[in-house]
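Beneath this line is the structure, given in structure tokens, with notes to follow.
The values are calculated or read from the model by the stated rules, or taken from the named source; none is laboratory data. Everything numeric here is computed off the predicted structure, so don't read it as measured data. Note that each Cβ is placed from the backbone with ideal geometry, even for glycine, and that neighbours are counted across all protein chains shown. The area values use the complete protein model at the heavy-atom level, side chains included, leaving out ligands, DNA and RNA. Shrake-Rupley method; radii C 1.70, N 1.55, O 1.52, S 1.80 Å.
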Amino acid sequence: MSLDFGLNWDVIAQYIPLYQKAAILTVKLGVLGVLFAVLIGLVCALVQYYKIPVLKQITAVYIELSRNTPLLVQLFFIYYGLPKIGLKISASVCGVVGLAFLGGSYMAEAFRSGLEAVEPIQTESAYSLGMNRAQTFRYVILPQAMSVSVPAFVANVIFLLKETSVFSAVSLMDLMFTAKDLIGLYYKTTEALFLLVVFYLIILLPVSILGSIVERRIRRAGFGD
Amino acid sequence: MPDLGIEVLFKGKNMLRLLGGLWTALRISLIAVVISIPLGILLGVLMTKKNRMLHAILRVYLEFIRIMPQMVLLFLVYFGTTRSFGWDLSGEVASIIVFVLWGTAEMSDLVRGALISIPKHQYESCEALGLSRTQTYLYVIIPQTIRRLIPLSINLITRMIKTTTLVLMIGVVEVLKVAQQIIEANRMNSPNAAFGIYLTIFLLYFLACWPISLLARHLEKKWR
């Protein structure tokens with residue numbers, strides 16, 4: 001048994017550019033995926049909140065399908081399955097689509113719980129003050145709903161960024177792919193894993209810290225109950 | 001009607017093999033859940049204690065596990081520890097270790113959240129009524145905590161099931177790996193098998209997780 005935690009710093013210096021490239025890809029796809037997820041989530045949450053017929057059922061089915069299946073399976077289906085019926089997309093588009101498909105439902109639930117937390121009396125009071133629907137939404141519902149949604153929203157962003165780690169399964173050269181490659185090719189396991197952890201920390205730690213700061217500020221801005 | 005590659009499922013034992021692969025993944029998640037729930041409860045209770053040292057150690061553990069993607073944890077245990085300690089871990093054992101570590105961290109956070117969500121006046125009222133500490137916990141705090149905890153723990157099970165698909169990446173032969181083998185073997189006679197098989201796996205996972213999610217939601221509503 002050899003306890004070999006010794007890191008070869010020359011090797012690390014040599015690998016850093018590879019990881020940098022991979023990290024940029026991870027962040028790029030992650031951010032795009034999150035943005036689309038937020039859009040899908042907003043639309044779904046509004047459809048559910050205003051109970052728009054037909055669309056409401058469709059979004060409900062989508063939310064259940066997306067929440068109860070793993071991203072890896074979704075990606076395999078999109079990347080390897082769909083081309084067989086003529087829908088061929090590149091690996092990076094597949095990553096973004098998969099992340100948006102998964103994240104959309106999580107975001108929808110976060111926004112919906114926020115919207116539902118606003119008591120009906122708030123809307124009724126706004127109407128009785130002569131506000132129209134748009135004003136009520138903009139000045140009464142949205143600010144209150146947001147303060148409720150923020151913790152779930154932040155948790156979802158971190159969750160989705162973490163989920164990008166499965167992108168290597170559809171042969172995207174992300175951080176995981178790079179690490180696995182270096183382990184397989186040169187057996188520099190310790191250095192490859194060390195850099196993997198460091199780079200994920202560089203990406204995720206700021207988001208996590210920023211998230212808790214925003215959360216604390218918005219909690220204070222929330223309305224007392 | 002284009003060939004969707006569904007017929008491959010009915011050839012030989014293909015469907016059974018897929019289900020066997022699914023079971024491998026489910027077994028890992030079940031074992032991990034069974035171990036991490038009691039451990040998580042223990043850690044969660046410890047987290048509410050006001051011991052600084054203990055708090056700091058647990059905190060580092062929790063934050064690290066929760067911020068790292070589970071894939072990274074799998075790599076660390078599967079490639080990292082085997083290299084550093086020179087032992088030999090099968091992919092399955094490595095995944096159980098990782099998912100116990102992760103499940104314990106998640107569970108302890110749920111327990112801690114449920115415990116601190118019990119308002120202080122519950123404790124004070126118990127004291128005012130002259131209940132002893134044991135009685136307070138036994139009759140007042142624990143029943144309320146459990147009600148909050150059960151739906152969340154059931155949700156953790158579905159998350160565990162979904163996350164265990166990752167074991168594919170460290171070479172465990174689970175449902176996606178079996179699917180790849182079947183698709184590869186039938187490449188010539190049904191080139192579109194990938195569509196049908198991955199769709200089937202998608203639906204299988206949905207069928208495995210959906211009832212559990214519904215149960216969690218039902219309990220959450222009922223006990224609110």
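Of the helices (runs of 4 or more DSSP H) lying entirely inside the stretch B:23-95, the ones with 3 or more residues being in contact with a Phe, Trp or Tyr (Cβ under 7 Å, 6 or more places away or on another chain) and open to solvent by less than 20 Å² (accessible area, probe 1.4 Å) are found at B:70-75.
There is at least one residue in the stretch A:191-199 that is at the interface with another protein chain (Cβ under 7 Å from one of its Cβ atoms), without any contact (Cβ under 8 Å) to a residue 60 or more places away in the chain and assigned to a helix (DSSP H, G or I). Please verify whether B:Val178 is in a helix (DSSP H, G or I), more than 9 Å from chain A (Cβ to nearest Cβ) and over 30 Å from A:Ala179 (Cα atoms), treating the condition exactly as stated. No; evaluated as a whole, the condition is false for this residue.
Would you check if B:Ser117 is at pLDDT below 90 and open to solvent by less than 30 Å² (accessible area, probe 1.4 Å)? Walk me through how you get there before you give the answer.
Details: at pLDDT below 90: yes; open to solvent by less than 30 Å² (accessible area, probe 1.4 Å): no.
For B:Ser117, the condition - at pLDDT below 90 and open to solvent by less than 30 Å² (accessible area, probe 1.4 Å) - is not met.
Just one of the listed residues (B:Leu214, B:Leu149) is away from chain A (no Cβ under 14 Å), within 21 Å of the chain's Cα centre (by Cα), in a helix (DSSP H, G or I) and at pLDDT 90 or above, namely B:Leu149. Of all residues in the stretch A:166-182, those satisfying the criterion of being in a helix (DSSP H, G or I) and either touching a Lys or Arg at 6+ places or on another chain (Cβ under 9 Å) or touching a residue at least 12 places away in the same chain (Cβ under 8 Å) (or both) are A:Val166, A:Phe167, A:Ser168, A:Ala169, A:Val170, A:Leu175, A:Met176, A:Phe177, A:Thr178, A:Ala179, A:Lys180, A:Leu182.
Please indicate, with yes or no, whether at least one residue in the stretch A:190-212 is among the β-branched types (Val, Ile, Thr), surrounded by 20 or more Cβ atoms within 10 Å (Cβ to Cβ) and modelled with pLDDT under 90. Yes, the stretch A:190-212 contains a residue that is among the β-branched types (Val, Ile, Thr), surrounded by 20 or more Cβ atoms within 10 Å (Cβ to Cβ) and modelled with pLDDT under 90. Here is a check on your reading of the model: is B:Phe10 within 30 Å of B:Ser190 (Cα to Cα), among the hydrophobic types (A, V, I, L, M, F, W, C) and open to solvent by 60 Å² or more (accessible area, probe 1.4 Å)? When the stated conditions are applied, B:Phe10 passes them. Can you find a residue that is surrounded by fewer than 20 Cβ atoms within 10 Å (Cβ to Cβ) and more than 26 Å from A:Cys94 (Cα to Cα) anywhere in the stretch A:171-185? Looking for residues that are surrounded by fewer than 20 Cβ atoms within 10 Å (Cβ to Cβ) and more than 26 Å from A:Cys94 (Cα to Cα), one finds at least one in the stretch A:171-185, hence yes. When the stretch A:62-119 is filtered for residues that are among the aromatic types (Phe, Trp, Tyr) and within 10 Å of chain B (Cβ to nearest Cβ), the ones remaining, listed by number, are A:Phe76, A:Phe77, A:Tyr79, A:Tyr80.
On inspection, B:Arg17 fails the criterion of being charged (D, E, K, R), part of a helix (DSSP H, G or I), more than 19 Å from B:Ile154 (Cα to Cα) and within 14 Å of chain A (Cβ to nearest Cβ). Of all residues in the stretch A:106-126, those being over 26 Å from A:Thr59 (Cα atoms) and open to solvent by 100 Å² or more (accessible area, probe 1.4 Å) number 2. Residues in the stretch A:20-51 that are within 24 Å of A:Leu142 (Cβ to Cβ) and open to solvent by less than 70 Å² (accessible area, probe 1.4 Å): A:Val34, A:Ala37, A:Val38, A:Ile40, A:Gly41, A:Cys44, A:Ala45, A:Leu46, A:Val47, A:Gln48, A:Tyr49.
Residues that are open to solvent by less than 40 Å² (accessible area, probe 1.4 Å), within 24 Å of B:Met160 (Cβ to Cβ) and of a type outside the set (A, V, I, L, M, F, W, C) within the stretch B:183-224 comprise B:Tyr198, B:Thr200, B:Tyr205, B:Ser213, listed in sequence order.
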